[in-house]
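Undergrad: Take a look at the following structure, please.
Any read-out appearing in this document is the output of simple, stated calculations on the displayed coordinates, not a laboratory observation. Keep in mind that what you see is a predicted model, and the values were worked out from it rather than measured. Every residue, glycine among them, receives a Cβ derived from its backbone with ideal geometry; neighbour counts consider all protein chains shown.
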Amino acid sequence: MKKTLIFLLLASIQLVNSQELALVKKNSKIGYISKDGTFKIEPQYKSAKSFSEGLAAVENGGKWGFIDPKGNWIIPAEFNNAKDFNSGIAIVQKDKDWVYINTKGEIQKAPASEKLFDFNDGVAFIKQGNKIGLINSKMTVVLEPKYDQIKPFENGYARVELNKNWGIINTAGKELVEPVYAEIGNYFKGTTWARKDKTFGLVSDGKFIPVDGAEKIWDFETQDLTYAKKNGKIGYIDLKGNWAILPIYDKGKAFSKNLAPVLVGKKWGYINLKGDFVIEPTYSDAEVFSTNGIAPVKENNWGFINESGKLIIPTQYGITTNAIIAMFVQQDKGFIDGVARVKNEGKWGFLKPDGTVLGNQWFENAELFSKSERNYRNDAPAEKPKQEAKAETKAVKTTTKTVTKKKK
């Protein structure tokens, strides 16, 4: 009986820790809701950020600290500014200095760097002179500064620039693709696209494979096809560099659920892996399908269709948080982990797949749901980012020798 009670207690703790919370703003105050639509932390903060690895940065009396999913202060509000946790490390501003802290709020002494960079996939950039290297969350140098630029890691891989040529490394700093290409893509199943001189192709096992007539190639996403341009038209190539779907479309986007949005003239529809239209071009815009088989489509506003093309949620919503930002940064749209963030009549909320509004509530602002448990490992990468930005865009200049050896 005692063992059963312990098991149930542990199970309930795990359930609480695995919940996802979303930052929302109501009556000019910030709080956090769960996916059952109820407030787990009532709106009470003037400034706050989304949860990351079990903690959220919150401002109190002009200072920043971190709370847990129950609203308890875990790290006191004693910093001038604070960024999100990643890989168990966050950057905070203490007095005038930017430093790294761990989840206990302890300052971490980092190797010398002219700037502090956010951790991602278990590593962070360090900059010495004009060269960029890597450190891990134990504050150990993984890669001595040697590259001119390193892009943010995606699923454990990053694009690197050396002498105006590009290659790819992993989080251990190992070169997987030698930096000898004028352009390079993401790393997917041991393959990447690249441009050598004026020729576009794929790189696999160290070999460059030209793609016939390709003028541009986009990143592989979740399936073994990606879109590419030839003679001004969009088609799809496979991981061997063959044209699997001939380039006859005006625009295209990634495959998901074996369907891809393509533009013909002024209308978007969806094709299958054979290039046949499954959903005829009838929309002014369209996005890729989510894992639940629902995709955003646009007429005057955005709605959602299922894989058979049936409109299951009317086209009456906005789905992009900031149109200007969307021009430069890829934003997650549509259904993510079971809900879709949408805008209606100036308010933000979350739709469920049946079209009902989560908690029947609309907010002044709403951020995407993020997991509230601490799921990082100090010696291994987590996963993601999506945007491709220069290392310097996420850096914080250090101001003293002491700070140089600390955060971001």
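Undergrad: For Q44, list long-range residues whose amide hydrogen, built 1.01 Å from N in the peptide plane, is under 5 Å from its own amide hydrogen.
TA: For Q44, whose amide H was placed from the backbone, the distant partners under 5 Å are I30, G31.
Undergrad: Three principal axis extents, largest first, for the C-alpha atoms of the range 190-291, in Å?
TA: Cα spread of the range 190-291 along its principal axes, largest to smallest: 41, 30, 19 Å.
Undergrad: Taking neighbour Cβ counts within 10 Å as the exposure measure, how do E53, E114 sort from fewest upward? Don't skip to the answer; put the middle values down first.
TA: On the way: E53 22, E114 14.
By the 10 Å Cβ count, ascending, the order reads E114, E53.
Undergrad: Continuing with the same structure: For each pair in K49/K333; K189/K310; K46/K94; K310/K333, compute the distance between the two Cα atoms and list the pairs where it is over 29 Å.
TA: Distance filter (> 29 Å) returns K189/K310.
Undergrad: The range 54-102: Rg/Rh from Cα coordinates, Kirkwood Rh?
TA: Values: Rg = 9.9 Å, Rh = 10.6 Å.
Rg/Rh: 0.94.
Undergrad: Also, I was wondering about something else. If each of K233 and N306 carries a label point 7 Å out from its Cα toward its Cβ, how far apart are those two points in nm?
TA: 3.4 nm
Undergrad: While we're looking at this one, here's another question. Taking only Cα atoms of the range 83-205, what ratio of Rg to Rh do you get with Rh as the Kirkwood inverse-distance radius?
TA: That ratio equals 1.03.
Undergrad: Would you please give the residues with an amide H less than 5 Å from that of Q108, counting only those at least 5 places away or on a separate chain, with H modeled from the backbone geometry?
TA: When sequence neighbours closer than 5 places are left aside, the close amide H contacts are Y100, I101, N102.
Undergrad: Starting from the amide H of W268, placed 1.01 Å from N in the peptide plane, find each other amide H under 5 Å away whose residue is 5 or more places distant or on another chain.
TA: When sequence neighbours closer than 5 places are left aside, the close amide H contacts are T282, Y283, S284, D285.
Undergrad: Another question, then. Quick one: if the Förster radius is 60 Å, what FRET efficiency do W73 and L176 give, using the C-beta to C-beta distance and rounding to 0.05?
TA: 0.90
Undergrad: Can you put D36, D121 in order of Cβ neighbours within 10 angstrom, beginning with the fewest? It would help to have the intermediate numbers written out before the result.
TA: Details: D36 9, D121 22.
Fewest to most other Cβ atoms nearby, the residues stand as D36, D121.
Undergrad: Need the full-extension length gain, T291 to E221, defined as separation in residues times 0.36 nm minus the C-alpha distance. One decimal, nm. Numbers along the way, then the final one.
TA: On the way: separation 70, 0.36 × 70 = 25.20 nm, distance 1.29 nm.
Net length gain for the segment: 23.9 nm.
Undergrad: For the residues F208, F119, F85, what sequence is obtained by ranking on other C-beta atoms within 10 Å, fewest first? Before the final figure, lay out the partial values.
TA: Values: F208 16, F119 29, F85 25.
Fewest-to-most ranking of F208, F119, F85: F208, F85, F119.
Undergrad: Here's something else I'd like to know. Multiply the residue separation of I248 and D197 by 0.36 nm, subtract the distance between their alpha-carbon atoms, and state the gained length in nm to one decimal.
TA: Gain in length upon complete extension: 15.8 nm.
Undergrad: Something else about it: I need the calculated FRET efficiency for the pair K104 and D36, taking r as the beta carbon distance and R₀ as 25 Å, to the nearest 0.05.
TA: 0.20
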